[in-house]
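Structure first, then comments.
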Amino acid sequence: MTKTICLFSPGMNGQGYYRIPSVVRTRKGTLICAGDERIYSNADNPNRINKVLRRSLDGGQSWGPLLTAVRESGESQNTSSAAIDPALVVNEANGEILMIYCHTPPGIGLYNSIRSVGGLSDGKEIPTSYLMLTKSRDDGLTWTEPVCLNDAVKDPSWGFIGAGPGCGICIRAGKYAGRIVFPIYYSGNIRQPSLMACVIYSDDVGDTWTCGQSVLRYGEDQMTDGVMRSDEMQITECQVVEHGEGILHLYMRNHAACRRIARATSTDGGESWSDFRFLDDMPQPICQLSAIRFRYRDRVCVAIVNPSSETAREHGTVRLSLDDGITFPYSLCFCPGPFLYNASVYLPETEEIGIAYEPTWDSINFVKLKIEDIISKGLDQ
């Protein structure tokens, strides 16, 4: 394991607090780590939250200055707009970097986003959540004016809609090769709220988007007016990886009592899901996780990084599969203390996994783990 680098820390850039990492490697080999710059507290929205990032040109050894991709406004926590929870993907067709996130008007967050596709009413934004997209065509230096995807992907019965957070993928094989897929989740009612996961996808390099079906579809005996019968039924933040010839696996945060990572499978590019299950050998508190797929030498690998605990956000652990996500025999705890949200990326030049993670509720670190170390040490734990 290389030394740990602090990428974002409280007060950096003269601002507040930093959370929710997303990290990708561009076609030029640049690493980009994006996150939330939370101005008035480390809390979710309502809050003033900007989208910021740092770039590395040397595989994560050093990082450039903080850049702002999306700037929100407001003079206090409850009177500010927000751009919360990033998810990045590199479009393998043209090299563009895409970022989605949730925008909310002043005073609005997960718990009070009304059921609506959104828009303007009397010159003001309708008080709901907006899934936004911005792109970079110059390796992350500048970003386009964000566009709202709600008309294409948000059901009018949803209140909240949010990104991953973490990363999306481009499908590389099979019928849906070239499709860009972002994991998202949404709420059916503000009263619980009741949250469910799905994905959005684009077959035209990110110009237009479609929303797939929910991972689980509850009947009237399990849900009333969007409210689930039990909090344990909620399926929330998620990450997607390709498996085999264009099959998708979705790994999910959930509220089930078993405290395990959940996984579902799609054979139609994210349009629908089946084979929902809890992974018995993957302990997980109620928290986000990351999952990536990559080729290491002659193996197709999947790595999952999460807080490996049933009770607390701690014990940052990487689990490694050398058989394309079928089994995960290697498990290495690299951060035994507090460990919150994270994002991971494969670095082919050095055969390492780079992990951007939260050691606290207000900062983001970066560390690299060699695959050979995960394999050699991961069987001992």
With Ile326, Ile304 as the choices, which residue is in contact (Cβ under 8 Å) with a residue 24 or more places away in the chain and of a type in the set (Val, Ile, Thr)? Ile304
Any pair with Cβ under 8 angstrom, 6 or more apart, that starts in the range 24-49 at a residue that is aromatic (Phe, Trp, Tyr) and ends at one that is at pLDDT below 95: Tyr40/Gly16
Assuming Asn94 fulfils every condition listed in (1) closer than 29 Å to Cys170 by Cα; (2) touching a strand residue (DSSP E or B) at 6+ places or on another chain (Cβ under 9 Å); (3) assigned to a loop (DSSP other than H, G, I, E, B) apart from one, which condition is it? (2)
Among (1) over 20 Å from Ile84 (Cα atoms); (2) within 18 Å of the chain's Cα centre (by Cα); (3) free of Cβ contacts under 8 Å to residues at least 40 places away in the same chain, Gly206 falls short only on (3)
Reported set for the range 161-220 where residues are farther than 22 Å from Gly246 by Cβ and among the small types (Gly, Ala, Ser) is Gly162, Ala163, Ser187, Gly188, Ser194, Gly219
Count - residues of the range 329-350 that are part of a loop (DSSP other than H, G, I, E, B) and out of contact with any Asp or Glu (no Cβ under 7 Å at 6 or more places or on another chain): 4
Kindly check whether there is at least one residue in the range 188-211 that is at pLDDT 95 or above, over 18 Å from Phe276 (Cβ atoms) and of a type in the set (Gly, Ala, Ser). yes
Just give me the residues in the range 353-367 being open to solvent by 10 Å² or more (accessible area, probe 1.4 Å) and assigned to a strand (DSSP E or B), in sequence order. Tyr357, Asn365
When restricted to Ile247, Ile292, Ile304, the only residue open to solvent by less than 10 Å² (accessible area, probe 1.4 Å) and of a type in the set (A, V, I, L, M, F, W, C) is Ile304
Please return the ranges of strands (runs of 3 or more DSSP E) entirely within the range 14-75 where 3 or more residues are within 24 Å of Leu110 (Cβ to Cβ), open to solvent by less than 10 Å² (accessible area, probe 1.4 Å) and modelled with pLDDT of 95 or more. 17-25, 31-38, 49-56
State yes or no: is Val199 within 25 Å of Gly354 (Cβ to Cβ), touching a Pro at 6+ places or on another chain (Cβ under 9 Å) and either open to solvent by less than 10 Å² (accessible area, probe 1.4 Å) or outside any strand (DSSP E or B) (or both)? yes
Looking at the range 268-312, which of its residues are aliphatic (A, V, I, L, M) and under 20 Å from the mean Cα position of the chain (by Cα)? Leu279, Met282, Ile286, Leu289, Ala291, Ile292, Val302, Ala303, Ile304, Val305, Ala312
Checklist (1) in a loop (DSSP other than H, G, I, E, B); (2) out of contact with any Gly (no Cβ under 6 Å at 6 or more places or on another chain); (3) more than 26 Å from Leu66 (Cβ to Cβ) applied to Asp151, failing item: (1)
Result of the Cβ filter at 6 Å on the range 123-141, keeping first residues that are within 15 Å of Ser113 (Cα to Cα) and modelled with pLDDT of 95 or more and partners that are open to solvent by less than 10 Å² (accessible area, probe 1.4 Å) and among the β-branched types (Val, Ile, Thr), at least 6 apart or interchain, is Ser129/Thr104; Ser129/Ile161; Leu131/Ile161
Evaluate the following for Ala173: is it among the hydrophobic types (A, V, I, L, M, F, W, C) and surrounded by 24 or more Cβ atoms within 10 Å (Cβ to Cβ)? no
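Conditions (1) of a type in the set (A, V, I, L, M); (2) open to solvent by 30 Å² or more (accessible area, probe 1.4 Å); (3) in a helix (DSSP H, G or I), marked per residue:
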position	(1), (2), (3)
Asp221	no, yes, no
Glu232	no, yes, yes
Val241	yes, no, no
Ala257	yes, yes, no
Arg277	no, yes, no
Qualifying positions in the range 225-246 - out of contact with any Phe, Trp or Tyr (no Cβ under 6 Å at 6 or more places or on another chain) and among the hydroxyl-bearing types (Ser, Thr, Tyr): Ser230
Candidates Ile200, Ile169, Ile180, Ile190 - the one that is β-branched (Val, Ile, Thr) and over 21 Å from Arg293 (Cα atoms): Ile190
If the requirement is being surrounded by 17 or more Cβ atoms within 10 Å (Cβ to Cβ) and farther than 19 Å from Ser22 by Cβ, which of these qualifies: Gly162, Gly119, Gly109? Gly109
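The values are calculated or read from the model by the stated rules, or taken from the named source; none is laboratory data. All values derive from a computational prediction rather than experimental measurement. Here the Cβ is made from the backbone with ideal geometry for all residues, glycine too, and neighbour counts use every protein chain on show. Side chains included, ligands, DNA and RNA excluded: accessible areas come from the protein's heavy atoms. Shrake-Rupley method; radii C 1.70, N 1.55, O 1.52, S 1.80 Å.
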